[in-house]
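Report on the structure given below.
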Amino acid sequence: MGYCSESDVALRLGLDAAQRTRASSRVKNAIRRAGIYIDQEFRDYGRDAPSAAIGSTTLSSPVSAGATSMFVGSIIGFSSSGGNGDVDGDSFSYTGVASGSPDQIQGVSGLSFDHASGVTVSNGEFAHVLREISADLAASLYLEDDAMFHTSGGDPVRSNVLRMRATAELKRLAHLGTVD
């Protein structure tokens, strides 16, 4: 499971659309590696890997900023009595879910921008925090790989800052086991 999207990493790296396209496979690889680091850090603290515990699905149709419901591929892992979630970096709260064809998350509030069909929707604030950590970690891995294969350098300062920030937050989160 990738905890973040290519867009999250590209944003941290400051990549434009053409650069995103060229770097796509390397960014995806960095995201997978970041997910492995995250899961292992939790295991080192004797906790279950978050990838096994976070309810996650995708939007089955686009939603607009301010929408009060969203149609998703599955509501498995989402609380029927409501909670918090994250859709493509946009945190929201919800009051419940309804199964159907398609399933629906209801009573949504807090969506601040539009989201396309197919983007990931995760349950809980925990998922949002992991998304931020993963994006920092994946961006640092990308920059480190870039520096290894290019004689022009790369950006070791930015890579180190991203890695230190992600590692410190990840250790704290793995130790606590929750964001509450």
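Each reported figure results from applying straightforward, stated rules to the coordinates on display, with no laboratory input. What you are looking at is a predicted structure, and each value in this text was computed from that prediction instead of being measured. Using ideal geometry, Cβ is built from the backbone for each residue, glycine included, and neighbour counts are taken over all protein chains shown.
Numbers for the structure displayed
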item	result
Rel. contact order, % - alpha carbon contacts under 8 angstrom, at least six apart, the chain	24
Ser112, Ser56 arranged by Cβ crowding within 10 Å, fewest neighbours leading	Ser112, Ser56
Projected label distance in nm at Ser7 and Ile36, using a 7 Å step from Cα toward the beta-carbon	2.7
For volume of the Cα convex hull per residue in Å³, calculated from these coordinates, the label among [x] 114; [y] 185; [z] 129	[x]
Amide H within-cut-off set for Val72, under 5 Å, with H built and near neighbours excluded	Ser60, Asp103, Gln104, Ile105
Stretch gain in nm, segment Ala18-Ala67, where the contour uses 0.36 nm per residue and the Cα spacing is subtracted	14.5 nm
Packing-based exposure ordering (other Cβ within 10 Å, fewest first) of Val129, Val179, Val157	Val157, Val179, Val129
At least 18 Å along the helix axis (C-alpha) and Kyte average at least 0.0, DSSP helices within the chain	125-149
In region 30-104, the chymotrypsin sites (Phe, Trp or Tyr not before Pro) that fall in loop regions by DSSP, at most 16 other Cβ within 10 Å	Tyr45
